[in-house]
Amino acid sequence: MVVTEKIAVILSAVALVTGANAVQADASTTSRPAVVQSQRSSGHWGPHKHSPTKYWPTKDFVPTGRHLYGRAKCSNGGDGTRYRVQLVRTKDKHVRATSSWYFCGGTYHGTSVTVRPGEAYYMRISLKGKAHTIEAYASWS
């Protein structure tokens, strides 16, 4: 018996004993795990600053993920000024999400929404009270 025939006989015997359906003797035909690419990608826009103002529509950004987060902050002037963040779809100016009103205190606050990847959005940041410097960013996953 040739060595390859002996290996085939041994593998057949092992298959019978263990109850395996099929045994492959050729290493070149074994299956390898497929590499799975992520359908979503994370990313961000900003942070960007705007000089003191009471209203700021940001520039457009195009998220590549389905979960969009819009955040902003303004400096603490101690004057009771509050702000809110809106996420707006650019093509039809539809407001997709609106945050609560937050006091300017140097902490990021905002809102989030599920979106269609590849569509352009922008943020509207509005202030009640005095004009403050605003910093904003968007992220997605």
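Residues considered: D60, D92. Of these, the only one that is of a type outside the set (S, T, N, Q), in contact with a Ser or Thr (Cβ under 6 Å, 6 or more places away or on another chain) and more than 18 Å from T107 (Cα to Cα) is D60.
When residues in segment 103-119 are screened for being loosely packed, with under 14 Cβ neighbours inside 10 Å and either among the hydrophobic types (A, V, I, L, M, F, W, C) or part of a strand (DSSP E or B) (or both), 1 of them pass. Criterion applied to K130, K59 was being under 13 Å from W45 (Cα atoms) and in a loop (DSSP other than H, G, I, E, B), and the one residue passing it is K59. For segment 83-117, the set of residues classified as among the aliphatic types (A, V, I, L, M) and either touching a residue at least 40 places away in the same chain (Cβ under 8 Å) or within 13 Å of R71 (Cβ to Cβ) (or both) consists of V85, L87, A97, V113, V115, listed by residue number. Every test in (1) of a type in the set (S, T, Y); (2) part of a strand (DSSP E or B); (3) at pLDDT 95 or above is passed by S100 save one, and that test is (2).
Every test in (1) touching a residue at least 60 places away in the same chain (Cβ under 8 Å); (2) farther than 18 Å from S139 by Cβ is passed by R66 save one, and that test is (2).
Going by the structure shown, is R116 closer than 17 Å to W56 by Cα and among the charged types (D, E, K, R)? Against the criterion (closer than 17 Å to W56 by Cα and among the charged types (D, E, K, R)), R116 does not qualify.
The values are calculated or read from the model by the stated rules, or taken from the named source; none is laboratory data. A quick note: this is a predicted structure, and the numbers were derived from the prediction, not measured. We place every Cβ from the backbone using ideal geometry, glycine too, and count neighbours over all the protein chains shown.
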